[in-house]
Amino acid sequence: NGDPGQITTPEMLSPGETRKLFLAMGLSNECVFLVLDEPTNHLDISSRESLEEALAGFGGAILLVSHDRFFRQSLTDTEWRIAGGEVVIRDSQE
């Protein structure tokens, strides 16, 4: 209906809209460390690509948990994986 007040009404937002709002708020603050748990869930392709671009330009550290292998590989230098009860560390330079 074009009411800008709707964005402040959480029950009116879809999970994807809520996630986009929180990510935008976090990236607009001056932070040096982001912890993201499955940030691409509930995002459409365009939003996912925009998020990837925004995170690629982020100057701080990112701890990223994601099942999206392509998203992870585009943004990270080191991958920590739990396999067989052990932590396996892989550097993207290998």
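The values are calculated or read from the model by the stated rules, or taken from the named source; none is laboratory data. Quick caveat: nothing in here was measured; it's all calculated off a predicted structure. These accessible areas exclude ligands, DNA and RNA; they are computed on the full protein's heavy atoms, side chains included. Shrake-Rupley method; radii C 1.70, N 1.55, O 1.52, S 1.80 Å.
Starting from residues that are more than 19 Å from K20 (Cα to Cα) and aliphatic (A, V, I, L, M), keep the ones in region 42-94 and report whichever is most open to solvent (accessible area, probe 1.4 Å).
Restricting to residues being more than 19 Å from K20 (Cα to Cα) and aliphatic (A, V, I, L, M), the top hit is I82.
In region 62-94, what residues are part of a helix (DSSP H, G or I) and of a type in the set (D, E, K, R)?
R69, R72
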